[in-house]
1. Can you tally the net charge around Ala153? Count Lys and Arg as +1, Asp and Glu as -1, for every other residue whose Cβ sits under 12 Å from the Cβ of Ala153.
2. Can you put Val23, Val106 in order of accessible area, largest first, using a 1.4 Å probe?
3. Per-residue accessible area for Ile156 at 1.4 Å probe radius, Å² rounded to 10?
4. Report the accessible area of Leu28, computed with a 1.4 Å probe over the heavy atoms of all protein chains in place, in Å² rounded to the nearest 10.
5. Please turn the phi angles of segment 89-99 into ³J(HN,Hα) values with the Karplus equation 6.51 cos²θ - 1.76 cosθ + 1.60 (θ = phi - 60°), one per residue in order, whole Hz, x for glycine and proline.
6. How would segment 25-90 be classified by its alpha-carbon gyration tensor: rounded, prolate or oblate, with rounded meaning a/c under 1.5 and the a/b versus b/c comparison settling the rest?
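The values are calculated or read from the model by the stated rules, or taken from the named source; none is laboratory data. Quick caveat, the model's predicted, so the values are computed rather than measured. Counting neighbours? That spans all protein chains shown, and the Cβs are built from the backbone with ideal geometry, glycine included. Ligands, DNA and RNA are stripped out before the accessible areas are found, and what is left, the full protein with its side chains, is counted by its heavy atoms. Shrake-Rupley method; radii C 1.70, N 1.55, O 1.52, S 1.80 Å.
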Amino acid sequence: MDGHKLSPTVLWAQRKHFILLRVQVKSLEKPDFDIHESHMTFKVFGEGLSGKATYSFDLVFCEPINTEHCRVKFSENEIEFRIVKKEVSVWPRLQSSQERPPWLRVDFDHWEELSDGEEPAEGEGEEDGDVTTAGHKKPLSRERLEEIKEKQAQMISEMEKVKKEATQLWKSWSHLSITLYLF
């Protein structure tokens with residue numbers, strides 16, 4: 001495997017003001033990274049998909065970033081980068097290249113759909129996004145919490161209906177298979 005570079009799994013999501021990168025490597029040792037206006041380099045020894053090894057990647061951003069306001073958070077299983085965009089906008093992709101490397105994936109848990117013409121939700125801005133400076137989620141407003149609870153109740157109700165229909169279908173199919181077996 002000489003000359004073969006191992007890259008960690010990198011999940012990315014965006015808001016109008018920043019990019020969130022989550023580099024998934026466990027048991028981190030000697031993390032080394034440089035963030036520049038147009039690109040980023042990363043190297044770490046840790047445990048990734050290929051076991052304990054040195055993982056690295058180079059990333060050329062689609063648009064310039066503000067290096068002074070970028071933040072990094074280390075945890076047991078990953079390194080999280082909050083990379084602030086130089087201009088508030090929705091990027092069409094993370095990299096300047098049209099080609100997406102296999103180690104780079106969309107982080108659907110943190111993704112937010114916004115078009116360029118849309119305004120961010122109330123209370124959301126460069127410092128007030130869903131992810132705070134410390135990397136923790138902000139508490140939800142009472143209205144938003146009620147809305148989520150209502151949607152959750154609707155989903156549970158729909159799931160119960162589907163479960164009931166599936167059970168009825170299974171029972172009818174079981175009777176049919178027993179009948180055919182006996183026949």
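1. Working: positive: Lys149, Lys151; negative: Glu146, Glu147, Glu150, Glu158, Glu160.
Result for the local shell: -3.
2. On the way: Val23 0, Val106 55 Å².
Putting Val23, Val106 in descending order of accessible area: Val106, Val23.
3. Its accessible surface works out to 90 Å², give or take rounding.
4. 50 Å²
5. In residue order, the calculated couplings are 6, 9, 7, x, 6, 7, 9, 5, 6, 6, 7 Hz.
6. Details: a/c = 2.60, a/b = 2.07, b/c = 1.26.
Prolate, because a/c is 1.5 or more and a/b exceeds b/c.
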